[in-house]
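Okay, so here's the structure we're looking at.
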Amino acid sequence: MRSFDPGRSGLRVLLLEPDPVHARALESSLASLSELVWGFETVAEVPRAVERLVRGNLDAVLAVVDPTQPEGLEAVRALHAGAPRAAVIVLCGVSDEAARTAALRAGAQDWCVEEALTPDVLARTLRTAVERKRTADTLLRLEQAVGAMQLGVTITDPEGHIVYTNAAEAHMHGYSVDELLRMDGRDLSPPANWKPLTAPELNAMRRWKRERVRFRKDGTSFPVQLMSDVIRDISGQPLGIVTTCEDISDRWEAEEALRESEERYALAARGTNDGLWDWNLRTGRAYFSPRWQSMLGHHEADVGDTIEAWFSRLHPEDRARVQRKIEEHLDGRTERFEDEHRMRHKDGTYRWVLSRGFASRSFQGRAYRMAGAQTDVTDRRAYDPLTGLPNRALLAERLEDALLRHRRRKGHFAVLFVDLDHFKAVNDTFGHVAGDQLLVAVARRLEGSVRPGDTVARFAGDEFAVLLERIQDVADATGVADRIHIALSVPVSLGDHEVVPSASIGVALSLTPYERTEDVVRDADAAMYRAKQEGGGRWEICDEAMRERVASRASMQRDLRAALDRGELAVHYQPVADLATGELRGFEALLRWRGLLLPIEFLAAAEEAPGFLRIESWLLREACAQAGRWRTDHGLPFRLALDVSTARFLRPELAAELRSALEAGGFPGAALSLEVGEETLLRDASAVAAAFGAIHALGVEVVLDRFGSGQASVNVLRRFRLSGVKLDPILATAEGRDAETLVPALLRLASALALPVIAAGTETEEQRARLLRLGCADGQGPLFSKALEPAEADALLAGGGGRLPRLRGAAATAVPAAAPRRTSP
């Protein structure tokens with residue numbers, strides 16, 4: 001054995017040879033390679049070889065083993081594991097390609113047959129194995145580093161086949177590494193980018209950078225930045241291309257947003273109808289775009305470059321207000337400047353314009369620049385084209401002036417919000433031309449009911465607003481409201497027909513300390529809504545209690561948006577009974593929230609809240625699933641009823657949602673009834689008819705809810721295929737004149753239309769008997785049962801003994817022959 005000399009360069013070799021004679025021969029060969037090998041050791045056993053390798057400071061292992069035997073391959077594995085940095089060379093007595101391959105897979109770097117082992121062959125084998133090992137280790141470290149990079153890295157051969165890729169590249173494109181290794185690089189790009197380089201082009205290339213679009217596995221595309229380098233051999237010939245890939249989606253989006261912003265500004269300045277202005281507060285200079293100037297009949301040379309070019313053209317009555325609003329914005333008291341005012345045209349007339357602007361501020365909060373736009377609103381500004389009344393915008397301006405005068409203690413004012421009752425019915429019955437005629441007639445009567453100097457405006461649709469200025473007390477406002485009701489009580493001729501209009505009026509008074517005009521209109525609208533809830537044809541004054549109710553409703557609607565996600569909603573089931581026998585006919589599914597709200601109040605508020613359609617979908621699925629389980633568990637036929645809002649009833653997706661809920665719950669469509677209000681039937685006739693058709697195709701029935709409370713005409717009831725009506729609870733429990741005249745008339749109408757009637761809200765035995773005599777078949781209410789929790793309803797059905805149970809509150813009574821009834825499948 002030659003000892004190692006740390007001061008010399010060369011290979012350090014460990015010889016593993018069990019045969020001492022053969023070992024001496026190999027040592028002699030190693031000793032002859034003094035220029036290459038400067039030290040070697042010899043061991044006879046694999047464990048001792050591994051032990052030596054663990055200590056390190058070796059470049060190669062010459063192992064005389066038999067890889068054709070399992071123990072030989074195991075020895076190679078042990079040597080490779082013991083010295084991961086040393087090259088393992090197998091010396092074998094036979095030439096066996098399969099054994100050679102197995103040895104290389106077990107960790108050997110090279111293989112040599114002993115018979116051919118001359119000193120030259122040994123030297124060449126050692127050099128090759130050690131270099132191969134060092135190269136492999138270097139590549140492994142490089143691959144580990146590249147694999148950990150955030151950038152994608154791909155190596156392709158000159159033909160474009162992917163021969164290497166890292167995990168980042170694969171993840172970026174939605175593939176695994178193995179999938180990418182079976183692909184061409186151009187498979188990731190659109191065909192337009194498939195431009196393979198010719199050999200001369202590739203040979204001339206060094207490095208190039210470009211932005212392209214790449215495809216993911218799912219077919220989506222994204223922008224990337226690619227940077228490529230050519231890999232060359234020792235002679236300089238291209239071996240392949242290494243490319244880094246960076247996803248630049250965020251950068252493209254930012255650049256696109258900037259581009260769009262710049263384009264919008266350029267288009268606005270060049271082609272918009274708005275005139276642009278830009279005021280430098282430090283110098284006092286101002287820029288007015290060509291459109292701003294032409295809007296007032298001027299050319300560029302006619303208008304100066306100071307802000308006075310604007311202020312000097314303001315109407316004298318508007319200048320103080322405009323300058324005050326600008327000052328408020330510059331002082332930081334308002335988020336933006338906005339005002340509608342009059343500007344003097346070159347021809348001496350005045351044009352109405354809407355001007356908006358924002359201030360730019362320093363880090364200290366001081367405004368140093370203000371810019372904005374001016375829009376000509378003359379044509380839409382002043383008056384409603386149908387009625388000739390001031391429109392909403394002009395009313396807002398006059399209301400703001402009234403609010404300012406009130407703040408200066410120069411008199412009180414009031415706003416009356418006037419909404420026509422049943423106007424939709426006029427449109428549906430007599431047509432839109434007749435509806436327009438009615439609006440014009442109402443406008444004239446409103447004008448005749450106010451004093452000179454007051455403003456009557458058309459707010460929107462069938463809504464009007466009246467601004468009463470310089471009033472002394474509440475009686476002045478209510479007196480005008482009374483005069484309006486008297487004026488409207490005279491019939492209006494619409495062709496061959498006469499209509500007696502009525503209105504719900506809400507009153508808001510400046511006795512309340514208002515800060516904004518929007519608050520005045522809000523309160524007047526809330527009072528009008530209250531008047532309509534009380535039956536219409538009356539006025540209501542907005543007071544503190546009403547404002548608290550409005551605020552409470554807004555708070556409830558906010559909470560309602562999250563009620564479903566919080567699990568706060570529940571479904572209760574109110575039984576529907578046979579009025580004659582008291583037997584259970586079915587259930588109405590009702591929403592409960594926090595156990596506080598009655599169903600009608602809940603639904604009225606919920607339909608106004610965003611997200612209620614999602615709650616209705618949940619109610620439909622939950623109720624059908626529960627009813628389906630009951631029919632399966634108890635084998636009893638019964639009907640299920642659900643309230644449906646107008647918005648949901650008219651949604652084209654309702655039929656598909658019904659089918660899905662019925663199929664998932666195992667509940668038959670023929671046993672389901674959807675209850676809709678009369679306001680639903682008064683919507684667009686074609687849309688309502690389409691909804692009826694889609695629902696009936698599933699076997700589901702539609703019932704009119706709160707029959708007798710609204711404005712649906714006989715024609716409307718005949719137009720659609722209703723399966724029944726539910727009498728309004730107020731009428732079902734009515735006493736006195738209504739019980740003697742109105743309720744019988746309604747039930748006779750239902751009978752004439754062959755519509756079964758359910759009496760909602762039945763409370764007493766006397767009401768049940770009277771409704772039964774009048775031809776009402778079924779009923780629900782406190783007389784029979786409260787709304788039940790699912791477990792209570794389940795117990796009720798379980799006690800039926802194979803037949804529908806009898807509820808409390810009714811004894812067996814003969815059913816009048818005229819009372820039609822729906823049956824449960």
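Worth pointing out:
- Residues located in segment 566-598, provided they are modelled with pLDDT under 85, open to solvent by 30 Å² or more (accessible area, probe 1.4 Å) and either touching a strand residue (DSSP E or B) at 6+ places or on another chain (Cβ under 7 Å) or of a type in the set (A, V, I, L, M, F, W, C) (or both): Glu568, Leu596, Leu597, Leu598
- Residue within segment 265-274 that is among the acidic types (Asp, Glu), modelled with pLDDT of 75 or more and closer than 30 Å to Val303 by Cβ present: yes
- Complete set of residues in segment 297-338 that are closer than 15 Å to Arg351 by Cα and in contact (Cβ under 8 Å) with a residue 40 or more places away in the chain: Gly297, His298
- Within segment 407-421, being surrounded by 18 or more Cβ atoms within 10 Å (Cβ to Cβ) and of a type outside the set (Phe, Trp, Tyr) holds for His412, Ala414, Val415, Leu416, Val418, Asp419, Leu420, Asp421.
- So Ser32, is it farther than 18 Å from Leu104 by Cβ, out of contact with any strand residue (DSSP E or B) (no Cβ under 9 Å at 6 or more places or on another chain), open to solvent by 50 Å² or more (accessible area, probe 1.4 Å) and touching a residue at least 60 places away in the same chain (Cβ under 8 Å): yes
- The sole residue among Ala78, Ala129, Ala98 that is open to solvent by 50 Å² or more (accessible area, probe 1.4 Å), assigned to a helix (DSSP H, G or I) and at pLDDT 80 or above is Ala98.
- Hits in segment 458-478 (condition: of a type in the set (A, V, I, L, M), in contact (Cβ under 8 Å) with a residue 60 or more places away in the chain and farther than 14 Å from Ile505 by Cα): Ala460, Ile471, Val474
- Residues that are open to solvent by 20 Å² or more (accessible area, probe 1.4 Å) and under 28 Å from the mean Cα position of the chain (by Cα) within segment 672-707 comprise Arg683, Asp684, Ala687, Ala690, Ala694, listed in sequence order.
- Test: Ala526 is touching a Phe, Trp or Tyr at 6+ places or on another chain (Cβ under 8 Å) and either open to solvent by less than 70 Å² (accessible area, probe 1.4 Å) or at pLDDT 90 or above (or both): no
- Yes/no for Ala309 being part of a helix (DSSP H, G or I), out of contact with any Ser or Thr (no Cβ under 9 Å at 6 or more places or on another chain) and open to solvent by less than 50 Å² (accessible area, probe 1.4 Å): yes
- Any chance Ala396 is open to solvent by less than 50 Å² (accessible area, probe 1.4 Å), in contact with a helix residue (DSSP H, G or I) (Cβ under 7 Å, 6 or more places away or on another chain) and over 30 Å from Leu296 (Cα atoms): no
- Within segment 283-296, residues that are touching a residue at least 60 places away in the same chain (Cβ under 8 Å) have Cβ atoms under 9 Å from residues that are open to solvent by 10 Å² or more (accessible area, probe 1.4 Å) and outside any strand (DSSP E or B) in these pairs: Trp292/Asp274; Trp292/His298; Trp292/Val303; Met295/Asn273; Met295/Asp274; Met295/His345, counting only partners at least 6 apart in sequence or on another chain.
- Some residue of segment 9-18 being surrounded by fewer than 20 Cβ atoms within 10 Å (Cβ to Cβ), hydroxyl-bearing (Ser, Thr, Tyr) and out of contact with any strand residue (DSSP E or B) (no Cβ under 6 Å at 6 or more places or on another chain): yes
- Residue in segment 379-393 that is loosely packed, with under 14 Cβ neighbours inside 10 Å and more than 26 Å from Val450 (Cα to Cα) present: yes
- Scanning segment 742-759 for residues that are without any contact (Cβ under 8 Å) to a residue 40 or more places away in the chain and not in a helix (DSSP H, G or I) yields one hit, Leu753.
- Scan segment 281-301 for residues that are surrounded by 12 or more Cβ atoms within 10 Å (Cβ to Cβ) and either within 21 Å of Asp401 (Cβ to Cβ) or not basic (Lys, Arg) (or both) and the total you get is 13.
- Test for Ala441: is it of a type in the set (Gly, Ala, Ser) and either out of contact with any His (no Cβ under 8 Å at 6 or more places or on another chain) or crowded, with 19+ Cβ neighbours inside 10 Å (or both): yes
- In segment 608-625, the residues that are at negative phi reach residues that are modelled with pLDDT under 75 with C-beta atoms within less than 7 angstrom, at least six apart or across chains, in these pairs: Glu608/Gln557; Ala609/Gln557; Ala609/Leu560; Ala609/Arg561; Pro610/Arg561; Phe612/Ala606; Ile615/Ala606.
- Every residue from segment 444-458 that is open to solvent by 30 Å² or more (accessible area, probe 1.4 Å) and either under 17 Å from Glu400 (Cβ atoms) or polar (S, T, N, Q) (or both): Gly453
- Residue pairs meeting the criteria (Cβ under 9 Å; at least 6 apart or on separate chains; first over 29 Å from Asp728 (Cβ atoms), in segment 648-675; second of a type in the set (Ser, Thr, Tyr)): Gly666/Thr632
- Candidate set from segment 486-520 (those that are assigned to a strand (DSSP E or B) and open to solvent by 70 Å² or more (accessible area, probe 1.4 Å)); member that is nearest to Leu446 (Cα to Cα): Ser493
- Close pairs from segment 121-142: first in contact (Cβ under 8 Å) with a residue 40 or more places away in the chain, partner open to solvent by 50 Å² or more (accessible area, probe 1.4 Å) and assigned to a helix (DSSP H, G or I), Cβ under 8 Å, at least 6 apart: none
- Taken over segment 331-359, the residue count meeting the criterion of being out of contact with any Asp or Glu (no Cβ under 7 Å at 6 or more places or on another chain), part of a strand (DSSP E or B) and open to solvent by 40 Å² or more (accessible area, probe 1.4 Å) is 4.
- Residues (open to solvent by 10 Å² or more (accessible area, probe 1.4 Å) and outside any loop (DSSP other than H, G, I, E, B)) located in segment 773-783: Arg773, Asp778
The values are calculated or read from the model by the stated rules, or taken from the named source; none is laboratory data. This one's a predicted model, so the numbers in the text were calculated from it and none came from an experiment. All Cβ positions, glycine included, derive from the backbone under ideal geometry; neighbour counts span all protein chains shown. Note: accessible area is taken over every heavy atom of the protein model, side chains too, but ligands, DNA and RNA are not part of it. Shrake-Rupley method; radii C 1.70, N 1.55, O 1.52, S 1.80 Å.
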